[in-house]
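Right, one structure below, let's go through it.
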């Protein structure tokens with residue numbers, strides 16, 4: 001939304017915003033309460049979400065955070081937290097461009113460089129189910145575009 005508002009502000013400089021430009025703002029304002037609620041729930045339950053995701057991921061693949069004998073659970077947890085924070089912020093402001101350009105393109109390079117595609121794919125495939133345990137159905141629906149973007153770029 002912030003990127004869209006900035007664009008509308010620049011394009012409408014010296015004139016009134018068009019109905020199409022205002023529709024974007026109206027649409028955002030209709031669900032802003034749920035966006036804030038979902039964001040706050042994710043923020044407040046971040047550690048529980050990380051714990052739940054770790055349990056779910058290791059149930060599926062017990063060695064998901066290991067490379068050889070080395071356990072990278074803490075590094076992966078840190079990365080999941082950061083990505084979830086960016087995704088929640090993208091949901092809050094309805095701004096997937098910032099998520100993609102601000103984190104995911106860089107993170108995709110790192111994931112590929114350290115050959116963590118399997119863990120990343122599994123993480124972002126399972127995260128919607130984990131979040132369903134912490135968010136309402138409507139809040140989960142608002143998070144899905146960011147989660148799908150995570151899946152697309154980090155798998």
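The values are calculated or read from the model by the stated rules, or taken from the named source; none is laboratory data. A quick note: this is a predicted structure, and the numbers were derived from the prediction, not measured. So basically every Cβ, Gly included, is an ideal-geometry build from the backbone, and we count neighbours across all protein chains shown.
The table for this structure:
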quantity	calculated
Residue ID - surrounded by the fewest Cβ atoms within 10 Å (Cβ to Cβ), chosen from residues in the range 126-155 that are more than 11 Å from the chain's Cα centre (by Cα) and modelled with pLDDT under 95	152
Close pairs from the range 1-17: first without any contact (Cβ under 8 Å) to a residue 12 or more places away in the chain, partner part of a helix (DSSP H, G or I), Cβ under 7 Å, at least 6 apart	12/21; 17/8
Residue within the range 59-78 that is in the same structural domain as residue 47 (by TED's automatic domain parsing) and closer than 30 Å to residue 6 by Cα present	no
Criterion: part of a helix (DSSP H, G or I), modelled with pLDDT under 95 and either farther than 27 Å from residue 2 by Cα or not assigned by TED's automatic domain parsing to the domain that holds residue 72 (or both) - qualifying residue of 118, 107	118
Meets criteria (under 19 Å from residue 143 (Cα atoms), without any contact (Cβ under 8 Å) to a residue 40 or more places away in the chain and within 18 Å of the chain's Cα centre (by Cα)) for residue 44	yes
Residue 98 vs. criteria touching a residue at least 60 places away in the same chain (Cβ under 8 Å) and more than 22 Å from residue 44 (Cβ to Cβ)	yes
